[in-house]
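The values are calculated or read from the model by the stated rules, or taken from the named source; none is laboratory data. Owing to the predicted nature of the structure, the values given are computational and were not obtained by experimental measurement. Neighbour counts are summed over all protein chains in view; Cβ atoms, including those assigned to glycine, are modelled from backbone coordinates with ideal geometry.
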Amino acid sequence: MDNSTHKTTIAWHPLCSFATGAALLLISFAGAYGQSKTLSANTRFFVPVPPNGAVQQVESLLQQRQLKNALLITAMETVPQAVWLTSGTPSQVSASLRSTLRQANVERAVPVLVLYNIPGRDCGSYSAGGAQNTADYETWIDAIAAAIGDQKAVIVLEPDALADLPSDCGYDPTQVNIPQATADRYTQISYGVTKLETGSQTLVYLDAGNSHWQAVPVMAARLAQAGIQQAQGFFTNVSNYNPNNYESKYDTWVSECIAFANNPDNGGWRLGHYSYCASQYYSPLGPVDPINIATWVYTDQWFQQNMGTAQPTTHFLIDTSRNGQGRLDASIYTAAPYNQPAPVIQVLSNGSWCNPPARGLGLHPTANTGVSLLDAYLWVKTPGESDGACDAAGGVRAWDYANYTQSGWPTDAAGQAIFDPLWGLDDPIAGAWFPQQALDLAQRANPQLLP
């Protein structure tokens, strides 16, 4: 899971403009900007203005005569990416969105818009924020729907909102009415789906977490309650690192589970019973390990034996912005020179969603996926933006400094509490540019950014 706050930047800079300008000159205007509520295989996705942090990093690298690294960051910023709408009054978000849509029209491209303003966002953690209440949120959604109108757009509606319900947050029940907050969350998402899907070319996708989070039946049931039948589909792996084959398999199971529990032809016993579905954690046909896809054959077999006449029809998207090298294996820190004990490794593993090092940019956005239910691979997370402080104080880092430290690392408890030993520095706050991570992602990109 990711907990970063994302901001839309609307300033351009000549250092990054040359590559994007060249790309625009090479654009073919054929076919990719159709009028149907689908994504054709040759869909061209929108390339937004680079974040200020990327522009500043390119300038700095050029000043240091690191030409190749400057080209890597520039190349990263010429790849289509999502635009995040995270706050603002209805009039402010409308104005910002209309500017984005005008730019997308110039490119003859389809914008991917991430709406990230749900009340109680991120359980109040690194990316805390969001609208104050349901009424404010619905007014915000209304403004976005009006701004989009009949223009084609892909909506990634509220990452983490369903995989991380208020009931999952560990709130103090004396401080938060958890059942009401959870019911409100479904109301908010359902309203967003209904309102946004009125756009003749608006494709709305709902949150389904990722393959290393909620179990298949849990996610299928939540999607159904939130109104998946009225949406284009769901999305997974936003701001995460799971390989595409894991996500595609998981997503297919979620789609199959939705079909399984809504098919009356094979008996009423299954209607609404999403909990019957096998998952990435359990199958009655054999042991399943969520991080070993070879064991997932037992879940495949369960669906093959139990689908009957049900056919999966719910489509999905996968975020590939940072999964080029897959998930972080925290067990590498058990070996020399780190020599970290098992409790530390467990914390690092649980926090592996938060600014893990040595990852890479993944497959470039495309709607030509070769998988019937997979509408597109997209860069949803903005590469180079921090997931948050990623420290011991936030519960996602631990470290035994007696076993391994470096010169310049903090020696006091207060400094160690806000330090990230995996990067050897204090991480930027959520949504801020993280130049070390940005360059690392670009250098380890799979496929490579430069020849």
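Structure data summary
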{"read-out": "Single unsatisfied condition, Ala54 versus (1) surrounded by 20 or more Cβ atoms within 10 Å (Cβ to Cβ); (2) touching a residue at least 60 places away in the same chain (Cβ under 8 Å); (3) in a loop (DSSP other than H, G, I, E, B)", "value": "(3)"}
{"read-out": "Residue, nearest to Gly395 (Cα to Cα), within segment 169-218, restricted to residues that are assigned to a helix (DSSP H, G or I) and of a type in the set (A, V, I, L, M, F, W, C)", "value": "Ile178"}
{"read-out": "Options Val176, Val204, Val216; residue that is β-branched (Val, Ile, Thr), surrounded by 23 or more Cβ atoms within 10 Å (Cβ to Cβ) and either out of contact with any helix residue (DSSP H, G or I) (no Cβ under 7 Å at 6 or more places or on another chain) or over 25 Å from Gln280 (Cα atoms) (or both)", "value": "Val204"}
{"read-out": "Residue count for segment 411-451, restricted to those that are assigned to a helix (DSSP H, G or I) and modelled with pLDDT under 95", "value": "0"}
{"read-out": "Subset of segment 308-334 [within 22 Å of Asn292 (Cα to Cα), among the hydrophobic types (A, V, I, L, M, F, W, C) and assigned to a loop (DSSP other than H, G, I, E, B)]", "value": "Leu328"}
{"read-out": "Residue, nearest to Ala442 (Cα to Cα), within segment 294-347, restricted to residues that are β-branched (Val, Ile, Thr) and touching a residue at least 40 places away in the same chain (Cβ under 8 Å)", "value": "Thr320"}
{"read-out": "Residue identified as in contact with a Lys or Arg (Cβ under 8 Å, 6 or more places away or on another chain), polar (S, T, N, Q) and surrounded by fewer than 19 Cβ atoms within 10 Å (Cβ to Cβ) among Asn245, Asn263", "value": "Asn263"}
{"read-out": "Among the candidates Ser17, Ser28, residue that is of a type in the set (Ser, Thr, Tyr), surrounded by 13 or more Cβ atoms within 10 Å (Cβ to Cβ) and either modelled with pLDDT under 95 or closer than 17 Å to Glu385 by Cα (or both)", "value": "Ser17"}
{"read-out": "Which numbered condition Gln448 misses (of (1) farther than 28 Å from Pro365 by Cα; (2) polar (S, T, N, Q); (3) surrounded by fewer than 15 Cβ atoms within 10 Å (Cβ to Cβ))", "value": "(1)"}
{"read-out": "Condition met for Ser372 (on the phi < 0 side of the Ramachandran plot and assigned to a loop (DSSP other than H, G, I, E, B))", "value": "yes"}
{"read-out": "Search result, residues across segment 314-368 that are more than 18 Å from Glu385 (Cβ to Cβ), of a type in the set (Val, Ile, Thr), surrounded by 22 or more Cβ atoms within 10 Å (Cβ to Cβ) and out of contact with any Asp or Glu (no Cβ under 7 Å at 6 or more places or on another chain)", "value": "Thr314"}
{"read-out": "Test result for Val83, in contact with a Pro (Cβ under 9 Å, 6 or more places away or on another chain), surrounded by 17 or more Cβ atoms within 10 Å (Cβ to Cβ) and more than 21 Å from Thr369 (Cα to Cα)", "value": "yes"}
{"read-out": "Search result, residues across segment 398-410 that are within 28 Å of Gly324 (Cα to Cα) and either out of contact with any helix residue (DSSP H, G or I) (no Cβ under 7 Å at 6 or more places or on another chain) or outside any loop (DSSP other than H, G, I, E, B) (or both)", "value": "none"}
{"read-out": "Odd one out for Ser275 among (1) hydroxyl-bearing (Ser, Thr, Tyr); (2) assigned to a helix (DSSP H, G or I); (3) surrounded by 15 or more Cβ atoms within 10 Å (Cβ to Cβ)", "value": "(3)"}
{"read-out": "So Gln175, is it among the polar types (S, T, N, Q) and closer than 23 Å to Phe46 by Cα", "value": "no"}
{"read-out": "Residue list for segment 222-272, restricted to those being over 26 Å from the mean Cα position of the chain (by Cα) and in a helix (DSSP H, G or I)", "value": "Phe260, Pro264, Asp265, Asn266, Gly268, Trp269, Arg270"}
{"read-out": "Candidates Ala231, Ala220, Ala259, Ala215 - the one that is of a type in the set (A, V, I, L, M), within 17 Å of Ala376 (Cα to Cα) and at pLDDT 95 or above", "value": "Ala231"}
{"read-out": "Selection count, segment 48-71, where residues are of a type in the set (A, V, I, L, M, F, W, C) and closer than 20 Å to Pro451 by Cα", "value": "6"}
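Every residue, every condition in (1) buried (at least 17 other Cβ atoms within 10 Å of the Cβ); (2) touching a residue at least 12 places away in the same chain (Cβ under 8 Å); (3) closer than 26 Å to Leu115 by Cα, yes or no:
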| position | (1), (2), (3) |
| --- | --- |
| Gly395 | no, yes, no |
| Trp399 | yes, yes, no |
| Tyr404 | no, yes, no |
| Asp427 | yes, yes, yes |
